[in-house]
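The values are calculated or read from the model by the stated rules, or taken from the named source; none is laboratory data. Please read these numbers as outputs of a predicted model, since none were measured by experiment. Neighbour counts are summed over all protein chains in view; Cβ atoms, including those assigned to glycine, are modelled from backbone coordinates with ideal geometry.
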C-alpha cells in the first residue's frame with residue numbers, strides 16, 4: 001500500500017539573506033554570533049545538534065546531543081561510554097548539524113574529534129546538577145534494560161546511597177571537541193534560492209569562504 005501524495009506544505013523563507021561582506025573571518029566567530037541570536041530569539045533548544053559518527057562497519061550513525069560550549073578550537077560536548085564514544089575512538093571523522101527553523105538557518109560542520117584534557121572535563125562536570133550526576137551511574141548508556149521501572153528504581157537507590165555526598169567524575173564520562181575542517185552557514189531564501197556560504201580550512205590554517213549553489 002502506497003502513502004498518499006504529500007501536500008505542498010512548503011513555506012517561503014523570508015527572514016534574510018547572507019552576504020560575504022557580512023561574515024566573520026573565522027567560522028567559530030560567525031557561529032557564536034548565530035548561536036547568540038538563536039538564544040536571544042528564544043529558539044527551542046538552541047544548543048541541540050545532530051552528531052554523526054562512523055560505526056566500525058562503515059555505516060553512519062546519528063543522534064541529537066547538546067552542545068556544551070564553543071571555544072577557540074571547536075565545538076565541545078560530553079559523552080559516556082556509549083556507541084558514539086566507541087565510534088569516535090575508532091574513527092575521528094564526525095559531522096554536526098544545527099537547525100534553527102524559527103530563524104530559517106542551518107549550520108553544517110565536518111571535522112575531527114578529540115578528547116578534552118582532564119581539567120576541562122572537571123570544569124564541565126562541576127556545573128552538572130547532582131541528580132544528573134546520579135543519572136550517569138544508573139545503567140551503562142545505550143545498553144538494554146528491563147523496564148522503565150527498573151531505571152527509576154535504580155535511580156532512587158542511588159539517590160538514597162549518595163544523599164548529601166559528592167559524586168566523583170566517572171571514568172566513563174568526558175568531553176569531546178570537534179575541530180572543524182569545514183563549516184557551512186545556510187539561510188533559507190525565497191523560491192528556494194537559499195544562501196549557502198562555506199568556510200574551508202586551508203593548509204596554512206587560514207579559512208577560504210565560498211558561496212555554494214542552493
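Just need a number here: residues in the stretch 90-119 that are in contact with a strand residue (DSSP E or B) (Cβ under 6 Å, 6 or more places away or on another chain) and not in a strand (DSSP E or B).
Qualifying residue count, the stretch 90-119: 3.
Mind checking which residues of the stretch 120-152 are within 22 Å of residue 87 (Cα to Cα), assigned to a loop (DSSP other than H, G, I, E, B) and under 19 Å from the mean Cα position of the chain (by Cα)?
Of everything in the stretch 120-152, those that are within 22 Å of residue 87 (Cα to Cα), assigned to a loop (DSSP other than H, G, I, E, B) and under 19 Å from the mean Cα position of the chain (by Cα) turn out to be 141, 142.
Counting residues that are under 30 Å from residue 138 (Cβ atoms) and modelled with pLDDT of 95 or more, which strands (runs of 3 or more DSSP E) fully inside the stretch 155-214 reach at least 2? Can you show your working first?
Details: elements: 174-187, 195-201, 207-212.
Where strands (runs of 3 or more DSSP E) fall fully within the stretch 155-214 and carry at least 2 residues being under 30 Å from residue 138 (Cβ atoms) and modelled with pLDDT of 95 or more, they are 174-187.
Determine which member of the set 81, 87, 73 is part of a loop (DSSP other than H, G, I, E, B) and touching a strand residue (DSSP E or B) at 6+ places or on another chain (Cβ under 9 Å). Don't jump to the end; show me each part of the working.
Values: 81 fails: touching a strand residue (DSSP E or B) at 6+ places or on another chain (Cβ under 9 Å); 87 fails: part of a loop (DSSP other than H, G, I, E, B).
Among 81, 87, 73, only 73 is part of a loop (DSSP other than H, G, I, E, B) and touching a strand residue (DSSP E or B) at 6+ places or on another chain (Cβ under 9 Å).
Assuming residue 56 fulfils every condition listed in (1) in contact with a helix residue (DSSP H, G or I) (Cβ under 6 Å, 6 or more places away or on another chain); (2) in a loop (DSSP other than H, G, I, E, B); (3) surrounded by 12 or more Cβ atoms within 10 Å (Cβ to Cβ) apart from one, which condition is it?
It is condition (3) that residue 56 fails.
Are there any pairs, at least 6 apart or on different chains, whose C-beta atoms fall under 7 Å, with the first in the stretch 32-47 and closer than 16 Å to residue 75 by Cβ and the second assigned to a helix (DSSP H, G or I), and if so, which?
Within 7 Å, the pairs are 38/103; 46/35; 46/38; 46/39.
Of the residues 51, 35, only one is assigned to a strand (DSSP E or B) and modelled with pLDDT of 95 or more; which? If you could, list the steps in order and put the result at the bottom.
Numbers: 35 fails: assigned to a strand (DSSP E or B).
Unique residue meeting the criteria: 51.
Taking the criterion of being over 23 Å from residue 172 (Cβ atoms), in contact with a helix residue (DSSP H, G or I) (Cβ under 7 Å, 6 or more places away or on another chain) and surrounded by 15 or more Cβ atoms within 10 Å (Cβ to Cβ), would at least one residue in the stretch 92-100 satisfy it?
Yes, there is a match, as at least one residue in the stretch 92-100 is over 23 Å from residue 172 (Cβ atoms), in contact with a helix residue (DSSP H, G or I) (Cβ under 7 Å, 6 or more places away or on another chain) and surrounded by 15 or more Cβ atoms within 10 Å (Cβ to Cβ).
Considering only residues that are loosely packed, with under 12 Cβ neighbours inside 10 Å and either under 14 Å from residue 69 (Cβ atoms) or touching a helix residue (DSSP H, G or I) at 6+ places or on another chain (Cβ under 8 Å) (or both), which ones fall in the stretch 120-130? Talk me through it step by step, then tell me what you get.
First, pick out the residues of the stretch 120-130 that are loosely packed, with under 12 Cβ neighbours inside 10 Å: 126-127, 129.
Of everything in the stretch 120-130, those that are loosely packed, with under 12 Cβ neighbours inside 10 Å and either under 14 Å from residue 69 (Cβ atoms) or touching a helix residue (DSSP H, G or I) at 6+ places or on another chain (Cβ under 8 Å) (or both) turn out to be 126, 127.
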